[in-house]
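In what follows, a structure is listed as structure tokens, so that the remarks can point back to it.
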């Protein structure tokens, strides 16, 4: 329970964006120091500084929005890292300081961000700050070594050193971004870090390799390296933008089409959206990784799509109030629809099993089954758990059957793998759906607490206790923020 | 490629003979083997990991960078040799004939690019600090020649092996300006490989491989997402249709019909895509109409008629948030407008009606007439065409009716399967179809 007490003390002004604030302050301090140092010692090799500054500004102008509400400026980052890693241009040694690298990078970034601000797109200061800090980290380690004769003479040594530094910088950026996300979205740090690294790996590898290529190519090609390089980077970025674009459209489309059930009067307005938001928050709380979170979101959005196959809408659309048999049927029909898409196999599976009780009463033989009424009296009384009212029709072979404890069927006829309960995502949707059916769009914290309490009463069989606890934390947090 | 016509075989033969001839002719004197081997390996690696492009018949690989590097480092014949390494790509899939053609095509393009480079004053050999920026002009020329030769030779074989039934669908022939531009972009890596060779030696291709692989990964991801997206939209549209068995497949066929019209009138590729989705989604708003009204046999009251007239708005409500469908939105909103201004929901007339909506209207009505309805059987295609012609100019835009009729005459029309009788509680059977121009909705005049 210490967890809950802890939650209650998290007031908005305590935690919100404090990490981001710290990051921005750190970047600001480094920036001010750099500008001051550069102003005192003067700008060296102005031509190169201007050329790289322009490349960085251009990259910032063309920044990308990545899946999962992220921002990246691959061309700008590659240019800045290359500027930090520059050893010689046309056989002429480059001796600018790390302070100058930070100054040029920051000015480039700010200039590139201005047009975005001008058209009313807000600046992501946190993301910009973490990018600047990564470049600064590389610059402060590498600049003192750049003039070293061993590094200048042996390209193998330089290559190894640069590779190590670029990897370090990208790791640092992943850590900083993960910290920001822990702050913003209440993700777990380890999960956020792994997600960040997995997502940034392809783009980060391209950025890092490009930085090395520019730094080395400039030795022979001079500033032409920058011009030649921009072409392939631009093409890759366009391809990446299209990829990110279609991913976003995909999600929008599923969201939009999930609303079909609402417009058809099958479910309450906003139900799918609310369930999906709640399910994703619970999933994050339980440490689900991002690719699975996306599947969870799709499944939650479409969990009621099977209702379209019913001739008459269920009154109020509250699936929790109808018999288990009908619930199961809706789930089956919905899964069939999703299965048609072929690419969403696991989403279909999540939807198919969204009504399965967390525990079959006979699975853990040492746990005594609670006394349960066999009729639907409890459901009629507003009890959130529909009880098994028979076997679902059209059940797939090998699928665990609710109500399998009845003695009139030989156990051998229903093979059940050990510990093969419904998938976590199905359990989450089951709980989120029941919660929303009970609370609806109401914002009353009392009602929410009562609903959580009801779900908790049924954690022996129906709902996964861990999921319900996570739901409880999410709901409590929400009401604290609302107050 | 399957079976080839004699002309196509002749074309392949000519390309192969040209490539073989110049490879046999040499000269190979003074050619540095180191470059050819390393760059050849690079070609093999990129060829082995080529990605399937969306339309199925083509693959894309970033191997042109290696060929252009060899143009600079070893000249035209060496470049042709490097291009010929395509043959050794470890990719399952292409038939022997395809492999032979690809090899010859790359060898030939690389050879031509090499000569373009020389003609523009480029010097063969390791570039140094003095080569820049003078080398850029000849290199760009070589890149242009390589990419254009590659696309041109490919377009030739695609055109010769096109599906004669779908002759009008120009999409298969042109490879698209986007692809051409991106190939030119990646060509820049060729110059980088050549320049880096003097700094880091044969490590140069290795460094360049990383961004190339990321590029390839991105292209593959995009194609995969797009396939997934289409499949999902299709599945969800079917879900919408389960409400009404008689209209099952309707969205899909309207989508196909609209695409036929769009291609016939020469719409751009992106707009054709958009109209495909618009066709699929044009009736989602129907779900907002109470089943009771859709099922009603007798005349409709004015309120019920108003409910039906609202369905394009409802459809708009649903799809409004989907980002890329700007023109498609207008199509969905206005697909029941009539040229004479007597349609709904806004009573627009003539050119006021968005183009997409006028296209959708034709395909929509045609599919309704050629499908079975509870109050009548499916009409033959000829009869439906006559009906379209009859309403052309009043209800439909004559230009699109003509285009549709021409496309159907050439490519045919796949009619829906006869409906299976619905399971009793699964779906409702409407007694009238709001899309059917032959049986317009009957409204009680006044109460």
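If only one of B:211, B:205 is at the interface with chain A (Cβ under 7 Å from one of its Cβ atoms), part of a helix (DSSP H, G or I) and crowded, with 19+ Cβ neighbours inside 10 Å, which one is it? Before you say what the answer is, go through the steps one by one.
Working: B:205 fails: at the interface with chain A (Cβ under 7 Å from one of its Cβ atoms).
Checking each option against the conditions leaves just B:211.
Number of residues in the range B:257-269 that are over 20 Å from residue B:414 (Cβ atoms), part of a helix (DSSP H, G or I) and at pLDDT 80 or above equals 0. The condition (being over 30 Å from the mean Cα position of the chain (by Cα) and at negative phi) is satisfied by just one residue among A:233, A:223: A:223.
Residue B:326 fulfils the conditions (1) farther than 20 Å from residue B:263 by Cα; (2) within 14 Å of chain A (Cβ to nearest Cβ) except for a single criterion, (1).
Scanning the range A:277-286 for residues that are over 18 Å from residue A:443 (Cβ atoms) and part of a helix (DSSP H, G or I) gives A:279, A:280, A:282, A:283, A:284, A:285. The residue list A:113, A:33, A:106 contains one member that is part of a helix (DSSP H, G or I), surrounded by fewer than 19 Cβ atoms within 10 Å (Cβ to Cβ) and modelled with pLDDT of 90 or more, which is A:33.
From A:158, A:217, A:187, A:206, which residue is outside any helix (DSSP H, G or I) and buried (at least 19 other Cβ atoms within 10 Å of the Cβ)?
Numbers: A:158 fails: outside any helix (DSSP H, G or I); A:217 fails: outside any helix (DSSP H, G or I); A:206 fails: outside any helix (DSSP H, G or I).
Every option except A:187 fails the conditions.
Among the residues of the range A:338-358, those identified as within 12 Å of chain B (Cβ to nearest Cβ) and either surrounded by fewer than 21 Cβ atoms within 10 Å (Cβ to Cβ) or farther than 30 Å from residue A:460 by Cβ (or both) are A:338, A:339, A:340, A:341, A:342, A:343, A:344, A:345.
Quick grid of which residues meet (1) assigned by TED's automatic domain parsing to the domain that holds residue B:249; (2) farther than 30 Å from residue A:326 by Cα; (3) modelled with pLDDT of 90 or more:
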position: B:347; (1), (2), (3): yes, yes, no
position: B:358; (1), (2), (3): yes, yes, yes
position: B:419; (1), (2), (3): no, no, no
position: B:430; (1), (2), (3): no, no, no
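Here is a check on your reading of the model: is residue B:320 more than 14 Å from chain A (Cβ to nearest Cβ) and either at pLDDT 90 or above or surrounded by fewer than 17 Cβ atoms within 10 Å (Cβ to Cβ) (or both)? Spelling it out, it is not the case that residue B:320 is more than 14 Å from chain A (Cβ to nearest Cβ) and either at pLDDT 90 or above or surrounded by fewer than 17 Cβ atoms within 10 Å (Cβ to Cβ) (or both).
As a summary of the residue check, residue B:273 satisfies the conditions (1) away from chain A (no Cβ under 14 Å); (2) in a helix (DSSP H, G or I); (3) free of Cβ contacts under 8 Å to residues at least 12 places away in the same chain except for the one numbered (1).
On the basis of being farther than 30 Å from residue A:219 by Cβ, within 14 Å of another protein chain (Cβ to nearest Cβ) and modelled with pLDDT of 80 or more, does residue B:180 make the cut? When the stated conditions are applied, residue B:180 passes them.
So for the range A:166-174 (the condition being at pLDDT below 90, surrounded by 19 or more Cβ atoms within 10 Å (Cβ to Cβ) and in a helix (DSSP H, G or I)), does at least one residue qualify? Checked against the condition, which is being at pLDDT below 90, surrounded by 19 or more Cβ atoms within 10 Å (Cβ to Cβ) and in a helix (DSSP H, G or I), the range A:166-174 yields no hits at all.
Select from the range B:294-308 the residues that are more than 17 Å from residue B:250 (Cα to Cα), assigned to a helix (DSSP H, G or I) and at pLDDT below 70 and list them in ascending order.
Start the filter on the range B:294-308 by keeping residues that are more than 17 Å from residue B:250 (Cα to Cα), which leaves B:295-308.
Next, only the ones that are assigned to a helix (DSSP H, G or I) stay: B:295, B:302-308.
Listed by number, the list holds a single entry, B:295.
Report every pair of residues separated by at least 6 positions or lying on different chains whose Cβ atoms are under 8 Å apart, first residue within the range B:170-189 and assigned by TED's automatic domain parsing to the domain that holds residue B:268 and under 20 Å from residue B:273 (Cα atoms), second modelled with pLDDT under 85 and part of a helix (DSSP H, G or I). Hits for this filter: zero, empty list.
Can we say residue A:238 is more than 10 Å from chain B (Cβ to nearest Cβ), over 29 Å from residue A:161 (Cβ atoms) and part of a helix (DSSP H, G or I)? Here the answer is no, as residue A:238 does not meet what is asked. When residue A:195 is tested against (1) crowded, with 21+ Cβ neighbours inside 10 Å; (2) out of contact with any strand residue (DSSP E or B) (no Cβ under 9 Å at 6 or more places or on another chain); (3) facing another protein chain (nearest Cβ under 7 Å), just one condition goes unmet, and that condition is (3). Select from the range A:264-297 the residues that are within 14 Å of chain B (Cβ to nearest Cβ), modelled with pLDDT under 90 and buried (at least 20 other Cβ atoms within 10 Å of the Cβ) and list them in ascending order. Across the range A:264-297, the qualifying residues are A:264, A:266, A:267, A:272.
Taking the range B:107-140 as the search range and keeping residues that are at pLDDT 90 or above and within 11 Å of another protein chain (Cβ to nearest Cβ), which one is farthest from the chain's Cα centre (by Cα)? Step by step, filter the range B:107-140, then rank; the result is B:139.
Output the residues belonging to the range A:69-92 that are farther than 19 Å from residue A:136 by Cβ and either more than 24 Å from the chain's Cα centre (by Cα) or assigned to a strand (DSSP E or B) (or both).
Narrowing the range A:69-92 to residues farther than 19 Å from residue A:136 by Cβ: A:69-70, A:88-92.
Those that are farther than 19 Å from residue A:136 by Cβ and either more than 24 Å from the chain's Cα centre (by Cα) or assigned to a strand (DSSP E or B) (or both): A:70, A:88, A:89, A:90, A:91, A:92.
Criterion first (at the interface with another protein chain (Cβ under 10 Å from one of its Cβ atoms) and in contact with a helix residue (DSSP H, G or I) (Cβ under 8 Å, 6 or more places away or on another chain)) does residue A:187 satisfy it? Spelling it out, it is not the case that residue A:187 is at the interface with another protein chain (Cβ under 10 Å from one of its Cβ atoms) and in contact with a helix residue (DSSP H, G or I) (Cβ under 8 Å, 6 or more places away or on another chain).
The values are calculated or read from the model by the stated rules, or taken from the named source; none is laboratory data. None of these values were measured; they are calculated from a predicted model. When we count neighbours, we look across all protein chains shown, and the Cβ atoms used for this are built from the backbone with ideal geometry, even at glycine.
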